[in-house]
């Protein structure tokens, strides 16, 4: 947890320090919002239904350079599949709150701008459920570092140099965890918590 706390402090410090440098170079700093579906993969596809997420982001662009930076903060929520209703009263629920620091690479100034995005972050994962047999409510949580990688397509709004964008993106996300409740409850292979968020959003 101490390591995670230091990581979050580092991300916050980067978010506070970089904008001044970017503005000094005459480039753009843009805020954005996105949301969409979370698709469980690997072990998680056996346990969870498709989830959802909401994300707030800070994009740091260096003029027309094909590389930029992004800081994202997201809330994700997953519910267990109906096949597990025999074990849980209602359904089990996992929520993930994360902060990530990402590099974005792709051309700028075009009518359509494909890009690659990838980075690292801290992920707080919490599970809640209520067992049918015992009627006992229980919870489990862990905070770990993870990574993500994927791509997207951005569409400039108005002047292509304005920085405002509508975008669609998908990212494979992998978080290291030893919590068995966050993986396949049958195979108990709790090495990674993996999912793919597919989002649409706007940069302003």
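Can you tell me which of 177, 142, 173 is in contact with a strand residue (DSSP E or B) (Cβ under 6 Å, 6 or more places away or on another chain), more than 16 Å from residue 66 (Cα to Cα) and at pLDDT 90 or above?
173
Check off (1) modelled with pLDDT under 95; (2) crowded, with 17+ Cβ neighbours inside 10 Å for residue 167 and give me the number that stays unchecked. Evaluating residue 167 over (1) modelled with pLDDT under 95; (2) crowded, with 17+ Cβ neighbours inside 10 Å leaves (1) as the failure. Summed over the stretch 114-128, residues that are over 16 Å from residue 199 (Cβ atoms) and surrounded by fewer than 18 Cβ atoms within 10 Å (Cβ to Cβ) total 4. Would you confirm whether or not the stretch 15-29 contains a residue that is touching a helix residue (DSSP H, G or I) at 6+ places or on another chain (Cβ under 8 Å), in a strand (DSSP E or B) and at pLDDT below 95? Yes, because at least one residue in the stretch 15-29 is touching a helix residue (DSSP H, G or I) at 6+ places or on another chain (Cβ under 8 Å), in a strand (DSSP E or B) and at pLDDT below 95.
The values are calculated or read from the model by the stated rules, or taken from the named source; none is laboratory data. Note that the structure is a prediction, hence the values are computed from the model and not measured. Neighbour counts run over all protein chains shown; Cβ positions are idealised from the backbone, glycine included.
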